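Peer 1: Take a look at the following structure, please.
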Amino acid sequence: MELSALKFKDFRVYVAGNIFSLNALWMQRITIGWIAWELTSSATFVGFIAFINFVPSMIMGPLFGVLIDRVPIKNAAIATQSMLFIIALSFCLSFTFGLMNEVILAIVSASSGLIASAYNPVRMSLGPRLVGHDSISSVVTIGAINFNLARLIGPTIGGWIITVWGVGIALFIQTLCYLPFIFALSLLSPRELPYSTSIKEPFLSALRSGIRHVSGNSFISRALLITALFACLIRGTLEILPVIADGVFSKGAVGLGLLTSSAGFGALSAGLVKIFMPSQKTGEIPKIAILSALAGISLIPVVGFSNSWELTVGCIACLGFASTVSAISIQTAIQIDLNDNLRGRVMSLWIMVSMGAAAIGALIMGGLADYIGLPIALGLAGGIGSLVLVIFLIKRPKTLAFR
């Protein structure tokens, strides 16, 4: 079982504190999506809001990755979480005082995305530095379980609070949830990098060396291509859930919370399943990563053409399961092959691809849903994506090189 990371006290403190921040994240995401839909009733705008939340990771993520390999990781974690708290507080006050409109919402989404692009390489580096090298794969699995437990709970709570008490109370509770994690981070003593490796190499040179490591490693390059495909299609679909929940089924904020939580339930189940899977080997892309991505992408047209709420909820859960199995498997494969002094740079590139592809997918699917209708948009996405992955599988001796 992949639970060895829990033997380390600092990692247990980290996980316990992080659950609050993660719930704040997921409550905030459905709140932003719901406000975007309420303001405009436009699938394009909902997709755009998701896009500008993710796009900073495409542009700034690699730069922050270099920075994280050069600064005290604990200070970086506290700084980024404190800034997320300030943004959440500003969001709450803007809504409370009646200032919320499309422009303010876009600024909030872009600002939180910018700080998240800095925090993502922090979390990718911090967890492994709290445990021994043999427990790094356990860190990835437990981190995914923690993330997706919040993905299950947060949207349900957020949707219920919005319906019963209103958006303002939901935003206030989200803001408070950042504080326990900031306190937990102050208690940690992560393994820091040696002085010489953290600042010796010039900044741009360090950035180039991280890119060279990825481009020169055929295994990591293939892993990033596969990540881009399933993130664009599966996660892109999950970013336009407000359109499905209310635009198709008229279920309101509660329905949006239920759909988001069903994706979280599927993702949480995937994390639990990964606990019982055999340990991964260095330099391999597990077959389960490709097969799960194919299964998930093939379900996207079913979501588009479904007239049954129960079927849609079930399919969304399957999408969450499939994307998470693929993401955990690929991220683990990359992480166990890295030294600490490269972790921030390389994993920031993985995040850039994952977030960037999801952003592009949300923008394209939202626009297509308005232009040609949601069923045809999702049908095309699932059909084309499945075809591409099938070609990968057919040519796998040459392109994927499974061991």
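Peer 1: Condition check: among the β-branched types (Val, Ile, Thr) and under 24 Å from Phe64 (Cβ atoms). Does Val103 satisfy that?
Peer 2: When the stated conditions are applied, Val103 does not pass them.
Peer 1: Specify which of the listed residues (Ile78, Ile52, Ile87, Ile73) is under 15 Å from Met352 (Cα atoms) and at pLDDT 80 or above.
Peer 2: Every option except Ile52 fails the conditions.
Peer 1: OK, next. Which pairs have Cβ atoms under 8 Å, sit 6 or more apart or on different chains, and link a residue in region 319-330 that is under 17 Å from Leu389 (Cα atoms) to one that is in a helix (DSSP H, G or I) and among the charged types (D, E, K, R)?
Peer 2: Ser323/Arg235; Val325/Lys274; Ser329/Lys274
Peer 1: Among the residues of region 224-232, is any buried (at least 21 other Cβ atoms within 10 Å of the Cβ), outside any helix (DSSP H, G or I) and among the aliphatic types (A, V, I, L, M)?
Peer 2: There is no residue in region 224-232 that is buried (at least 21 other Cβ atoms within 10 Å of the Cβ), outside any helix (DSSP H, G or I) and among the aliphatic types (A, V, I, L, M).
Peer 1: Follow-up. Give the residue, chosen from Gly252, Gly271, that is crowded, with 21+ Cβ neighbours inside 10 Å and either among the β-branched types (Val, Ile, Thr) or within 22 Å of Arg29 (Cα to Cα) (or both).
Peer 2: Gly271
Peer 1: For the subset of region 389-399 comprising residues that are more than 11 Å from Ala293 (Cα to Cα) and surrounded by 11 or more Cβ atoms within 10 Å (Cβ to Cβ), which member is modelled with the highest pLDDT?
Peer 2: Among residues in region 389-399 that are more than 11 Å from Ala293 (Cα to Cα) and surrounded by 11 or more Cβ atoms within 10 Å (Cβ to Cβ), the one modelled with the highest pLDDT is Ile391.
Peer 1: Being part of a helix (DSSP H, G or I), surrounded by fewer than 24 Cβ atoms within 10 Å (Cβ to Cβ) and polar (S, T, N, Q) is the filter here; which residues of region 338-361 pass it?
Peer 2: Across region 338-361, the qualifying residue is only Asn341.
Peer 1: Let me ask something additional. Does any residue of region 317-325 turn out to be aliphatic (A, V, I, L, M) and under 15 Å from Ala223 (Cβ atoms)?
Peer 2: Yes, there is a match, as at least one residue in region 317-325 is aliphatic (A, V, I, L, M) and under 15 Å from Ala223 (Cβ atoms).
Peer 1: Name the residue, out of Phe219, Phe276, Phe203, that is touching a Leu at 6+ places or on another chain (Cβ under 9 Å), in contact (Cβ under 8 Å) with a residue 24 or more places away in the chain, aromatic (Phe, Trp, Tyr) and surrounded by fewer than 20 Cβ atoms within 10 Å (Cβ to Cβ).
Peer 2: Result of the check over Phe219, Phe276, Phe203: Phe203.
Yes/no matrix, rows are residues, columns are (1) under 21 Å from the mean Cα position of the chain (by Cα); (2) surrounded by 17 or more Cβ atoms within 10 Å (Cβ to Cβ); (3) over 25 Å from Leu149 (Cβ atoms); (4) not hydrophobic (A, V, I, L, M, F, W, C):
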| position | (1), (2), (3), (4) |
| --- | --- |
| Ala263 | yes, yes, no, no |
| Thr312 | no, yes, no, yes |
| Leu319 | yes, yes, no, no |
| Thr324 | yes, yes, no, yes |
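Peer 1: Is one or more of the residues making up region 329-337 surrounded by fewer than 21 Cβ atoms within 10 Å (Cβ to Cβ), touching a His at 6+ places or on another chain (Cβ under 9 Å) and within 19 Å of Val140 (Cβ to Cβ)?
Peer 2: Among the residues of region 329-337, at least one is surrounded by fewer than 21 Cβ atoms within 10 Å (Cβ to Cβ), touching a His at 6+ places or on another chain (Cβ under 9 Å) and within 19 Å of Val140 (Cβ to Cβ), which makes the answer yes.
Peer 1: Something else now. From (1) at pLDDT below 90; (2) surrounded by fewer than 24 Cβ atoms within 10 Å (Cβ to Cβ); (3) under 28 Å from Met60 (Cβ atoms), pick out the condition that doesn't hold for Asn148.
Peer 2: (2)
Peer 1: Please work out if Thr227 is in contact with a Leu (Cβ under 8 Å, 6 or more places away or on another chain) and among the hydroxyl-bearing types (Ser, Thr, Tyr).
Peer 2: Taking the combined requirement at face value, the residue does not satisfy it.
Peer 1: With respect to the numbered conditions (1) buried (at least 24 other Cβ atoms within 10 Å of the Cβ); (2) touching a Leu at 6+ places or on another chain (Cβ under 6 Å); (3) of a type in the set (A, V, I, L, M, F, W, C), which one is the sole condition not fulfilled by Val13?
Peer 2: (1)
Peer 1: Then there is this: Is it the case, given these coordinates, that Leu291 is in a helix (DSSP H, G or I), surrounded by fewer than 19 Cβ atoms within 10 Å (Cβ to Cβ), within 23 Å of the chain's Cα centre (by Cα) and aliphatic (A, V, I, L, M)?
Peer 2: Here the answer is yes, as Leu291 does meet what is asked.
Peer 1: Here's something else I'd like to know. Before we move on, is Ile364 part of a helix (DSSP H, G or I), out of contact with any helix residue (DSSP H, G or I) (no Cβ under 8 Å at 6 or more places or on another chain) and modelled with pLDDT of 80 or more?
Peer 2: Criteria not met by Ile364.
The values are calculated or read from the model by the stated rules, or taken from the named source; none is laboratory data. Note that the structure is a prediction, hence the values are computed from the model and not measured. Don't worry about glycine lacking a Cβ; one is built from the backbone with ideal geometry, like all the others, and counts go over all protein chains shown.
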